[in-house]
Each structure stands twice: as structure tokens, then as C-alpha cells.
1. Once every DSSP H run of n ≥ 4 in the chain is given -39500 (n - 2.57) and the sum is divided by its residues, what mean residue ellipticity at 222 nm do you get, rounded to the nearest 500 deg cm²/dmol?
2. Taking H as built 1.01 Å from N, whose amide H comes closer than 5 Å to the amide H of Arg113, not counting residues under 5 places away?
3. On average, how much accessible surface per residue is there in segment 42-124, in Å², for a 1.4 Å probe, leaving out ligands, DNA and RNA?
4. Pop the C-beta distance of Lys154 and Asp26 into the FRET formula with R0 = 35 Å and round what comes out to the nearest 0.05.
5. Of Ala94, Ile155, Asn24, which is farthest towards the positive pole of the chain's charge dipole, taken about the Cα centre with +1 and -1 on the beta-carbons of Lys, Arg and Asp, Glu respectively?
6. Taking H placed 1.01 Å from N in the peptide plane, check which residues at least 5 places from Phe27 or on another chain put their amide H under 5 Å from its amide H.
7. Given the alpha-carbon gyration tensor of segment 127-191, what are the semi-axes of its equivalent ellipsoid in whole angstrom, ordered largest first, with each equal to the square root of 5 times an eigenvalue?
8. If you plug each phi of segment 72-85 into the Karplus form 6.51 cos²θ - 1.76 cosθ + 1.60 with θ = phi - 60°, what whole-Hz ³J(HN,Hα) values come out, in order, with x for Gly and Pro?
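The values are calculated or read from the model by the stated rules, or taken from the named source; none is laboratory data. Since this is a predicted model, take the numbers as computed values, not measurements. A quick note on method: Cβ atoms are made from the backbone with ideal geometry, for glycine too, and the neighbour counts reach across all protein chains shown. Just so you know, the surface numbers come from the protein's heavy atoms only, side chains and all, with ligands and any DNA or RNA stripped out. Shrake-Rupley method; radii C 1.70, N 1.55, O 1.52, S 1.80 Å.
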Amino acid sequence: LQLGKVIVSPVYTVSGNVDMAVGNIDFDGDVLITGNVNAGFSVRASGSVTVNGVVEGAHIESGGDIVLKRGIQGADRGTLRAGGSIYALFIQRADAEAGVKVCADSIFHSQVRCEGTVELLSENGMLVGGVTDAGEGLASRTVGAQSGILTVVKIGASPKKRARYLELKESLESVRAGAERLDTALKSTVG
């Protein structure tokens, strides 16, 4: 109550897990989940999404931040999409995309795209395997592993701009090929 007005904060709280009893969530506001998000389920929010438990092979999409108090074990099918930042204890075998930054203790065998920075600054901070594409930079205690696991890091260009460039380049090649076919067809009909 503020100056005789009631303020309603749009927060949807799930007390427990997102599972068959709850189903998928699509909410205009913030979402707080006190348990886990089980494999195969999705959570969409126009605001932030906070999960106190573990996210399994699930899909989480947020207009704001995604905060995973534990982390995500994506099983190569879990996804995180945040308009803001992603904060997680760990990201493992998942596809994660953030508009601002990604902060985690560790990232293993994941596809990470971030317009800003990727930060793994804890005592155990490590990035192993997968592809990490950070528009502004990467800060990590350890990158890669002695076992020779391929770890790809791309820094310095916005992942969205890089993807758009590749898309336009492919389109240009297609137009050029079409122009060459037309030129050949015109020459054969005229000549």
C-alpha cells in the first residue's frame, strides 16, 4: 500500500517443481520456481525467471534475466533464452543465449551466445567443450581441458550480427548463382 494505492507486482510463484502437475508456464511478468524444472517442460516470462532447483532438459525463455540458483543439465536439448542476463551455478550440455551477459561457475559442452560478456570467475571457473560466442569478451579461470576436448571461443563481434552476416553472405551467393544462370540462358538464346 503506497499513498492509498495498492501496487500489484506480477509474479507467478510455483511452490515445487514444474512437472506434469503444473505443466508449461507462459506468464506476463516474473516467474519464481522453488523446485526444479523437469525435462520436456517450458517456462516463458516477459520478466525474469528464477529457479531455485535444477533445470533438466527444459526450455526457459525470459524477457529479462534468468537466474538458476543451481544450474541446467540440458542433456543436449535444454535451452535458455534471456533478453537480459543468465546467472547459473553451471550450464551443462545446453544451448544458452543472453542479450547482456552470462555468469556461471562452469560451462561444459554447451552452445553459448551472448551479446556482452561471458564470466566464469569463481574459484573453479571453467569453460570446457562446446562453442562460446561472446560479443564483448570472456573472463574465465580455465578454458579448455588437457584431454584435448575441442573448446571453441569467438569474441569481438555480436553473435547476432555475425549470424546476420553469414545469412546475407549465403543469400548473396544464391543471387550471384541465379544471375549467372540467367546470363548463360540469355547468351544461349541470343547467340
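1. -6000 deg cm²/dmol
2. Those qualifying (amide H under 5 Å, at least 5 residues apart or on another chain) are Ala96, Glu97, Ala98, Asp133.
3. 37 Å²
4. After rounding, the FRET efficiency stands at 0.60.
5. Ile155
6. Excluding prolines and chain starts, which carry no amide H, the hits are Arg44, Ala45, Ser46.
7. Taking √(5λ) for each eigenvalue gives 44, 14, 6 Å, largest first.
8. Taking θ as phi minus 60°, the curve returns 10, 9, x, 6, 6, 9, x, 10, 10, 10, 10, x, x, 10 Hz for segment 72-85.
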